[in-house]
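To start, the structure itself, in structure tokens.
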Amino acid sequence: MFAAPSNLCANPLLSAATNQPNINYRVRTRSNTGTQMDISGLDSNGRQFKNPDEMWREEVGDSQKKNNWYTNGVGYWQGVEASMDGVLGGYGHVNEPDINTSEAFLNTLFAGLFPNAGRDQHLVALDCGSGIGRVTKNLLIRYFNEVDLLEPVSHFLEAARQNLSPENMLVSADHKAVNFYCTPLQEFTPDAGRYDVIWIQWCIGHLADDDFVSFFERAKAGLKPGGFFVLKENLARSGFVLDNEDKSLTRSHVYFKELFNRCGLHIYDMKDQKGFPDELFPVRMYALTTELPKRVGSSRPKRQSNRPAVIK
Ligand SMILES: C[S@@+](CC[C@H](N)C(=O)[O-])C[C@H]1O[C@@H](n2cnc3c(N)ncnc32)[C@H](O)[C@@H]1O
């Protein structure tokens, strides 16, 4: 999922920091097919692509190829142990900083978007690509009365069910995991108006661009009025990086922005993850709304003012 070119490093969480493609940030519009991005990228064997279209044509250009893409993506995770280390590519220890940063972000979002949270508001979340239920168990279940989990790998979902069973949980009876959907994002349509928050962490890279867009279009209808998405994902420093092994794409901020545009989504806020090992891809959280944000505060992540900037 977090894959870097495997000729550079063996662990799938590692970043291709030293092997990023040069990119051209121009985005030009095309009439029928939406938008073509003039962003070059590379794959984990170091092969260069002129633009995403060139890469997607090869990877998902016909129905057989697309089927292989998704079969291989899920197939990769089917061979992974259902543990914290498994879903975090051997970096189980990033769980704590990950959850802490997510929680701070969620609190900021609640303050701005759900000022009445906790007071008579029954909140419902969906954890997409939930793996073993790590994000739900450590974060979402404390903030939401109901959490649904969606995960295509059955042994992960089974582990999630165990991890979130009442006897393994410390939270109160009115905070519980409710539905466990064993299905991939590209085939999922949420119940209309069920969710306050749809959380998508470290799984959207498995979706081809067209499925990315159609997933969000369907998922928008799954939000309650005023609900929002949180997308937490690895970021390519430029362009894109295709992982040939697990069939996932690490996109750059420019690439994400173009896709959000196509989905009709607005960036309400965003925040960068801190405290991860340097060799990992940078990680960014986006809060996405369907309406234009009233507060267009942070179009770029805020730098913490009491800390010196790090020159890399
Ligand atoms: C790096 S793990 C992250 C798991 C979890 N979000 C977490 O942060 O602990 C990636 C997850 O994406 C799931 N995944 C792979 N392909 C997917 C797809 N097409 N739709 C939804 N999830 C997918 C994998 O099975 C795996 O559980």
* Structure fact -> In whole angstrom, the spacing between the Cα centers of segment 242-284 and segment 210-233 equals 15 Å
* Asked: Which whole-number percent gives the relative contact order of segment 27-289, counting Cα pairs below 8 Å spaced six or more residues apart?
  -> 18 percent
* **Separation between Cα centres of segment 146-178 and segment 82-135, rounded to whole Å** => 13 Å
* Across bins of 5 angstrom width beginning at 0, how are the C-alpha pair distances of segment 27-289 distributed, in whole percent? -> 1, 6, 13, 18, 20, 19, 13, 7, 3, 1, 0, 0
* To do: Obtain the nm distance between the two label points defined at SER83 and SER154 by a simple spin-label model: each point lies 7 Å from its Cα along the Cα-to-C-beta direction.
  => 2.3 nm
* Quickly work out the LYS224-to-THR71 label distance, labels modelled 7 Å from Cα along the C-beta direction, and quote it in nm with one decimal. => 4.2 nm
* Could you order peptides 219-229, 157-167 by the average number of other Cβ atoms within 10 Å of their residues, highest first? => 219-229, 157-167
* In the structure displayed, which of LYS50/LYS137; LYS65/LYS232; LYS65/LYS176; LYS137/LYS274; LYS176/LYS224; LYS50/LYS220 lie more than 30 Å apart, Cα to Cα? -> LYS50/LYS137; LYS65/LYS176; LYS50/LYS220
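Computed from the coordinates by the stated procedures, all read-outs in this text should not be read as laboratory data. What you see is a predicted model; the values in this text were computed from it and never measured. With ideal geometry, Cβ positions are generated from the backbone for all residues, glycine too; neighbour counts draw on all protein chains shown.
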